[in-house]
Structure formats: structure tokens, C-alpha cells
1. If you roll a 1.4 Å probe over the chain with all protein chains in place, what percent of the accessible area is carbon or sulfur?
2. Can you tell me what share of the DSSP beta bridges in the chain is antiparallel? A percent to the nearest 5 is fine.
3. Rounded to a whole number of µm²/s, how large is the Stokes-Einstein D of the chain at 37 °C and 0.692 mPa s, given Rh as the Kirkwood radius over C-alpha pairs?
4. Taking the 0 to 90 degree range and rounding to the nearest ten, how far is the long axis of helix 43-62 tilted relative to the main principal axis of the chain, both from C-alpha atoms?
5. Just the number please: accessible area per residue for the chain, 1.4 Å probe, all protein chains included, in Å².
6. Considering amide H positions built from the backbone, and no H for Pro or chain starts, which residues 5 or more places from GLU17, or on another chain, come under 5 Å of its amide H?
Amino acid sequence: MRIPKSFTLAGMRWSVEESDAISEMGHCNAETATIRLRAGLPAQIKAPTFCHELQHAIRYTLGADRH
């Protein structure tokens, strides 16, 4: 699976970054429209982690994850 550097979801531009500065495998920040993936993850872990964080972005866009 090719993970994009950015994507548009319901008119909102999201960026995808790799980072050594996160302790979890992935993180979705709706306020900054950023998905972060831990740098160095093997492809077989990175792809499902991206999909997991993408579903958080989708749920936020639909209003399900807003506080």
C-alpha cells in the first residue's frame, strides 16, 4: 500500500508525516489535520496503522469524534 503524504477529506487537506517523536505507532490530530506515523515502522505494520488513523480522521469529519 502506498501511503500518501497528504489527502483531502470532505474539503479539508490532511498531511501525513513520519515522526520519531511519538510513542504510539500512529496518531491523528484533527486540530492540525495531521496523521503521524512512527518513523521506521515496517510496511506490514505501517499500512494498517495508517488505515486506523484514517478512520479517526473520517470519524472526526463526520462529527463522531468531536468533543
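The values are calculated or read from the model by the stated rules, or taken from the named source; none is laboratory data. Only a predicted model underlies this, so the values are computations on that prediction, with no experimental measurement involved. Heavy atoms of the whole protein, side chains included, go into the accessibility calculation; ligands, DNA and RNA do not. Shrake-Rupley method; radii C 1.70, N 1.55, O 1.52, S 1.80 Å.
1. Numbers: 2340 of 4420 Å².
Answer for the chain: carbon and sulfur cover 53 percent of the accessible area.
2. Values: 8 of 13 bridges.
Roughly 60 percent of the DSSP beta bridges within the chain come out antiparallel.
3. Stokes-Einstein gives a translational diffusion coefficient of 273 µm²/s.
4. 10
5. Details: 4420 Å² over 67 residues.
Counting only protein heavy atoms, the per-residue value for the chain is 66 Å².
6. The answer is ILE35, ARG36, LEU37.
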